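Please read the structure below before turning to the comments.
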Amino acid sequence: MARLDDTETFHSIMFPGHMHTKDSLNYAANFRFQDTDTVIVTYPKSGTTWMQEIITLVLNKGDPTVAQNQPNWARAPWLEQYYCADVLKATTGPRIITTHLPYHLLAPALQHSKAKVIYVARNLKDVSVSYYHFHKMANFLPDPGTFSDFLNDFLKGEVHYGSWFDHIKGWTSHAKDIQNFLYITYEEMWQDLLGSVRKVSHFLQFPLTEDELILAQKHCSFNSMKENAMVNYTLIPQEIMDHSKGKFMRNGKVGDWKNLFTEEQSRLVDDVYSSQMADSSLLFKWECPEESRRPLMTNYTSETYTQKITLLT
Ligand code: PPS
């Protein structure tokens, strides 16, 4: 499929025509979830790939063989993309499904389902910066213009996949309607990766030993994923993702928005955020100092890691 310049509009939301068709979007909206499914739900640039990697590593008890040999879109396909049905047909065992769709489009399909839903959220300022850079390298997304132009469109929800506000409020305000729901943030994963891997393992009811958790954490660190061709999108041809214009695994930090935002843009976002999120109790971290981060495990055993943590806390 090429359709790099096409946009598919579905229920008033724009999707890149490159991977989405009316049929694929209808397939998603009418999908029959199985109780054994794990569903990763995100607004773009919020930690989707990271969660795909965490789940893969948890389900493989920290063994990186699958993560290093099967592309993320094949092990956790996007439900709304045209190839999903074929990937799922060929899947044996529990399915991991990814989606960027808003709640209202998937609510009927998820009703009464016991599928495990993991919602990953990321602060709006970092999402806007990451998405802006992604628009520059992804030839299936429109030219974003200046950051200021992009930010205005983004705040109005006039970008592909729709409004960040609608997405996050839609899913989190209906969390109680979903039988198995985990809410986690990019910032939490960044601050405490081991704790986040443990949380996911617990939620999936797939217990790992401490050493397996540490191994899983090691392979889903930014540096490890950046080098992994199965998740860094270097397998995608240049005409679709132009890696000379940026990297998919770009920066991987909390608070990177400060390097691009002007003070005025920051105030604008704060104002829009306050009015749009007035009815929400969600709290976001807009920055996380490096010192507040739990050290990542590399070559330690669980015993030495525990000693290191104890010293720090
Ligand atoms: S997409 O296109 O919606 O699937 O993108 P998504 O995977 O949701 O988000 C991409 C951003 O996540 C960062 N990322 C990570 N950060 C820290 N640690 C790890 N392991 C990690 N993996 C992915 C990636 O770098 C993108 O963020 P930015 O800010 O652009 O670097």
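Summary of computed values
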{"item": "Vicinal HN-Hα couplings computed from phi for region 154-168 (Karplus, 6.51 cos²θ - 1.76 cosθ + 1.60; Hz; Gly/Pro x)", "result": "4, 5, 7, x, 9, 9, 4, 6, x, 7, 4, 4, 4, 5, 5"}
{"item": "All Cα pairs of region 190-272, percent lying beyond 19 Å", "result": "59 percent"}
{"item": "Carbon and sulfur %, accessible surface of the chain computed with the full protein complex present, 1.4 Å", "result": "51 percent"}
{"item": "Kirkwood hydrodynamic radius over Cα pairs of the chain, then Stokes diffusion coefficient at 37 °C and 0.692 mPa s, in µm²/s", "result": "163 µm²/s"}
{"item": "Geometric extent, Cα atoms of region 61-108 - Rg, Dmax (angstrom)", "result": "12.4, 36"}
{"item": "³J(HN,Hα) computed for each position of region 224-240 - Karplus, 6.51 cos²θ - 1.76 cosθ + 1.60, integer Hz, glycine/proline x", "result": "5, 5, 4, 8, 8, 4, 6, 10, 8, 6, 6, 6, 7, x, 3, 6, 9"}
{"item": "Inter-probe distance in nm under a simple model that places probes 7 Å from Cα toward Cβ, at ASN251 and TYR83", "result": "2.9 nm"}
{"item": "³J(HN,Hα), Karplus 6.51/-1.76/1.60, whole Hz, each residue of region 21-28, x for Gly, Pro", "result": "10, 4, 5, 5, 6, 5, 4, 5"}
{"item": "Spatially proximal lysines relative to LYS169 (Cα-Cα < 26 Å; intrachain offsets below 8 disregarded)", "result": "LYS22, LYS45, LYS114, LYS116, LYS125, LYS156, LYS199, LYS253, LYS258, LYS285"}
{"item": "Cross-link reach list, aspartates and glutamates versus LYS61, counting only Cα pairs under 19 Å and skipping chain neighbours closer than eight places", "result": "ASP37, GLU53, ASP192, GLU210, ASP211, GLU212, GLU303"}
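The values are calculated or read from the model by the stated rules, or taken from the named source; none is laboratory data. Keep in mind the model is a prediction, meaning the values are calculated, not measured. Positions of Cβ are generated from backbone atoms using ideal geometry, with glycine treated the same way; all protein chains shown enter the neighbour counts. Accessible surface areas use protein heavy atoms only, side chains included; no ligands, DNA or RNA. Shrake-Rupley method; radii C 1.70, N 1.55, O 1.52, S 1.80 Å.
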